[in-house]
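Take a look at the structure set out below.
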Amino acid sequence: MKDTNLDLLKNDSIEKSYVVETQDLKKTYLMGKVIVHALRGIDLKIEEGDFIAITGPSGCGKSTFLNLIGALDKPSNGKVYIDGADVSTLKGNQLANLRRKVGFVFQFFNLIQKLNARKNVELPLAIMGVNNKKRRKEAEELLRIVGLGDRINHRPTELSGGEQQRVAIARALTGNPRFLLLDEPTGNIDSKTAQEIVTLLKKLNEEKGITIILATHDQNITNEAKKIIHLIDGRIEHTNFERGVN
Amino acid sequence: MREGLIKMKILDVFKYALSGIRVRKLRTFLTTLGVIIGITGIVALLSLGEGFRIEMTGQFEQGFSLNTLTVTPGGGFMGFGGGDDEFYLLVNDTETIDEVEGVNIALAIISKQVSISSNNITRSVSVVGVNFTQYSEIYGSTFLAENGSIPFSPANDTIILGAGIADPWNNGTLFASVGDKINITWATGPILNPITKSYIANVSTILKEIGGFGLGGPSDNQIYIPITTAQEFFDTEQCNQIIIQLIDSNQETIDSVTSEIEKLYDDKVSVISPTALLSTISGMFSIIELFLVAISGIALLVAGIGIMNIMIVSVLERTREIGILKSLGMKDRNVLTIFLGEASLIGLLGGVLGIALGWGVSNVISLFLSVFMSGGVGGGFDTGQQQAMALSITPILTPTILFLAFAFSLVVCILFGLYPARRASKLNPVEALRYE
Ligand SMILES: Nc1ncnc2c1ncn2[C@@H]1O[C@H](COP(=O)(O)OP(=O)(O)O)[C@@H](O)[C@H]1O
Ligand SMILES: [Mg+2]
């Protein structure tokens, strides 16, 4: 409430274009007769190359926020701009195309069980209409980057939780997305594997300059993030700029 | 990213649909089974019906003279309904009918069931008492001699055998041949204590094979004796029917003679023309065919509802998958195509298998019918009556039937898959992902 126009960047350059920008973002759900306020007005600007951790207690609205900036859901109020485009004005196919600019990684991996690792990673490329040869090459390369070069033909059921999450990250990285959204990426894997995922994300951010926004409870990830946003009950409670590199 | 380029290849969409089918083999098979049964039924019925129709037309065309009328006692169609038990047609009624304008020949027929024996073999046949000269004039194309000749002034004990009587096994082992003597026995009176009469007849002629039912005309499974012999042996002046040959086959002649004769007998007789009979019978067959097709249609409808049910379940259990696909940027249209693709693959498979199976089933039925109808199973002379229906249906698979069955299978599957597929494509990705 106190920071209705929070500008994380404190940057003087006015022409700066943001990867994601939200204005007074609100989301309410109707559960029977009860109105649930999941988000109560979020203003945020995310710059290219950011590594942002969104923290807060369970139910504070982290997933809801990620879904909205990933164009998976529509806000009840306010605006989401992705790459400068107002998501609320987009319809069906345009919305689907926009989702191709976002790499989404879910807490429960959400891999297609009947497809092997390579086919799972290829799927977004197939959806984009990339030809067989090209997408196979890209998928194999991405699987190598996430450290699964030797698990290419394994089905999700033949992979550990950490391996499945890495397949999901490889899938999210296909087609050079503008940013990665990760919803509690280490929530369902052991701490050692979680550490490996954190290292991978940090590497992707630092070496490839990939913008990362993630929701987490995990102190290990929070420690690595450049910026931290703490949500409580659908509002930004505080941010941690001290840790920011900017 | 250029929007024009973001377009999933249709081949990839279908491959994805196929992968779904491969994973759920049993479920898919069971769904397809419903379609297969429906299509099998339709194909079997239509191809048998088509074969039957062609067989029937062929049968009727044989021995059917368009310029004939049949007069039988009793009003109404073929003696059904409104019959007057006290009314009989007499042999000498032909004299009255001969006077009617437009009548060329009027011929009385007495027919009875008798048993005939030769070489210790006895069988039951229907005997026709008729004037040979007039009969061969009316049915010149079928009442023809194979052995011997048609006697135009026959002796009292003359008998002519149909081809099926002389050579019942159709293999040259003859029941009787020209010059043989056969014993004719007629039983009358109470069934338990019948009075029997017999006489020895002299085979003068064996007829050429006619084929067909011989409705209204000569048939392979009858024997023929002079009308005068019949009157004397059966001790009757009543005849079963009077066949009329008209001067031509114009509809006006048919109509005027028909009404004249009906008036003459105070509507106590029915006058039937072969064309009317043919159209009545073929009308009956179309109704039967329609009925059978309707049954298959219902089977297919049930299969269709089954498909819808399976598709709805499939959409429900794959809600999460749909959520993933949509979150990865798959368009509604492609999600729809995946589910419709699944449905049409089921339709395609069900169509092909159903047609193959239907064809097999109709051939088996046809084989069964021909064995049963020809009396080959029951065998021997006791089944002589069944031989009167020596009928073999060769199923025919016309391109129309093929196309119909295939199109029907596809249409049913797509139609019933449409609703669940649309529902799947409209799902909100977040809600779909929350689905357990
Ligand atoms: N589809 C929904 N229907 C109703 N309530 C929802 C729905 N999604 C989330 N909520 C509610 O919104 C609030 C925020 O949820 P969520 O964003 O999932 O929180 P977090 O991810 O931080 O745990 C919670 O109170 C949750 O119960
Ligand atoms: Mg959450």
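Listing for the model above:
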read-out: Sulfur and carbon atoms: percent of accessible area, the protein assembly as shown [1.4 Å]; value: 56
read-out: Debye log10 I(q)/I(0) for the protein assembly as shown, one point scatterer per Cα, at q = 0.11, 0.12 Å⁻¹; value: -1.09, -1.21
read-out: Label-point separation, B:T173 to B:L348 (7 Å along Cα→Cβ), nm; value: 5.5
read-out: Residues B:I305 and A:D190, FRET efficiency given R0 of 41 Å [Cβ-Cβ distance, rounded to 0.05]; value: 0.25
read-out: Those residues of the stretch A:111-137 for which accessible area with every protein chain present is at least 40 Å² below the isolated value (1.4 Å probe); value: A:I112, A:K114, A:L123, A:I127, A:M128, A:G129
read-out: In the A-B interface, the accessible area buried, summed over both sides, Å² (probe 1.4 Å); value: 2600
read-out: Greater than 23 Å apart at Cα, pairs in B:K181/B:K208; A:K62/A:K226; A:K45/B:K326; A:K137/B:K15; A:K208/B:K15; A:K114/B:K331; value: A:K45/B:K326; A:K208/B:K15
read-out: Exposed chymotrypsin sites (Phe, Trp or Tyr not before Pro) absent - longest run of chain A, DSSP non-H/G/I/E/B, at most 15 other C-beta within 10 Å; value: A:109-240
read-out: Å³ per residue enclosed by the Cα convex hull of the stretch B:68-272; value: 131
read-out: Net length gained if the chain between B:A407 and B:I295 were fully extended (0.36 nm per residue, minus Cα distance); value: 38.5 nm
read-out: Heavy-atom accessible area ranking, 1.4 Å probe, most first, across B:R434, A:R166, B:R423; value: B:R434, B:R423, A:R166
read-out: Leading residue at positive end of dipole, chain B (Cβ point charges), from B:V91, B:I322, B:V125; value: B:I322
read-out: Residues along the stretch B:312-337 losing 40 Å² or more of accessible surface when the other protein chains are present rather than the chain by itself (probe 1.4 Å); value: B:R320, B:I324, B:S327, B:L328, B:G329, B:K331
read-out: Amide H contacts of A:L182 (H built 1.01 Å from N, under 5 Å, at least 5 apart or other chain); value: A:V105, A:I213, A:L214, A:A215
read-out: For B:T280, solvent-accessible area (1.4 Å; no DNA, RNA or ligand), Å²; value: 50
read-out: For the protein assembly as shown: accessible area per residue (Å², 1.4 Å); value: 47
read-out: Length released on extending from B:T133 to B:L418, taking residue separation times 0.36 nm less the Cα-Cα span; value: 95.5 nm
read-out: Separation of the A:S58 and A:Y29 label points, Cα + 7 Å toward Cβ, nm; value: 1.3
read-out: Rounded to the nearest 20 debye, dipole of the protein assembly as shown from Cβ charges on Lys, Arg, Asp, Glu; value: 6380
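The values are calculated or read from the model by the stated rules, or taken from the named source; none is laboratory data. What you are looking at is a predicted structure, and each value in this text was computed from that prediction instead of being measured. Because the Cβ atoms are built from the backbone with ideal geometry, glycine has one as well, and the counts that use them run over all protein chains shown. Note: areas computed on protein heavy atoms with side chains; ligands, DNA, RNA excluded. Shrake-Rupley method; radii C 1.70, N 1.55, O 1.52, S 1.80 Å.
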